[in-house]
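Below is one structure, written out as structure tokens; comments come after it.
Derivation of every value follows stated rules applied to the coordinates shown; laboratory data play no part. Just so we're clear, the structure is a prediction, and the values are computed from it rather than from any experiment. No Cβ is skipped: glycine too gets one built from the backbone with ideal geometry, and neighbour counts run over all protein chains shown.
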Amino acid sequence: MSKKELDALEAAVEILSKDHEEVDRQFGEYKKLMDYEAPAAQRKALADKICDALSQHAEMEEQIFYPAARRYLEKDSEEIMDHADVEHATLKVLIARITSTKASDPHFDAYVHVLGEYVKHHVEEEEDEMFSELRKQGADMDEALEAMKAFKVKKKGARK
Ligand SMILES: [Fe+2]
Ligand SMILES: [Fe+2]
Ligand SMILES: [Fe+2]
């Protein structure tokens, strides 16, 4: 594998890992709000922020990173990608439930907590299995990296 290919994969992985860290930090913040029994409006605002960040991250993976990854994992480890697809679908169900539920609902905190556990599981599999398999296969993510950067810039612009 050339250095350029390696760099592109690592740079793409870094973009995803940064998102993972940020959302992990946000779930930690939510846990604190739960512990202090923070007002519903405050919990709802953070939960919506988390769901928004997760949806955007999943969109970037589904549109750009996963299809590129699949090209390299097709032969003997495509089940890694199938598994991730199914987890994304499940994550979306939980996210939709949270965004359509009032924070005064007795199960609201539990939905957010379970979403956090599920995301942690999914992220661990991406980082420990998917990314390491891509390194092993020498995946060239140069095009995906450029598309991910453009995606980030576009989303940032849309949020202003
Ligand atoms: Fe994912
Ligand atoms: Fe899993
Ligand atoms: Fe991810």
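Among Val153, Val119, the order by Cβ neighbours within 10 angstrom, fewest to most, reads Val153, Val119.
Here the chain is scanned for GluC sites (Glu not before Pro) in DSSP loops (not H, G, I, E, B) that have at most 11 other Cβ atoms within 10 Å, and the longest stretch holding none of them is 75-160. Which of rounded, prolate, oblate describes the range 96-160, given a ≥ b ≥ c as roots of the alpha-carbon gyration tensor eigenvalues and a/c under 1.5 marking rounded, otherwise prolate only if a/b is larger than b/c? Because a/c hits 1.5 or more and a/b fails to exceed b/c, the range 96-160 counts as oblate.
For the range 1-98, the Kirkwood radius over C-alpha pairs fed into Stokes-Einstein at 20 °C and 1.002 mPa s yields D = 139 µm² per second.
Extension gain, Glu143-Glu10: 0.36 nm per intervening residue step, less the Cα-Cα distance, totals 46.6 nm. Between Asp76 and Ala150, full extension at 0.36 nm per residue minus the direct alpha carbon distance yields a gain of 23.6 nm. Applying 1/(1 + (r/R0)^6) with r as the Cβ-Cβ distance of Asp35 and Glu127 and R0 = 22 angstrom yields a FRET efficiency of 0.20.
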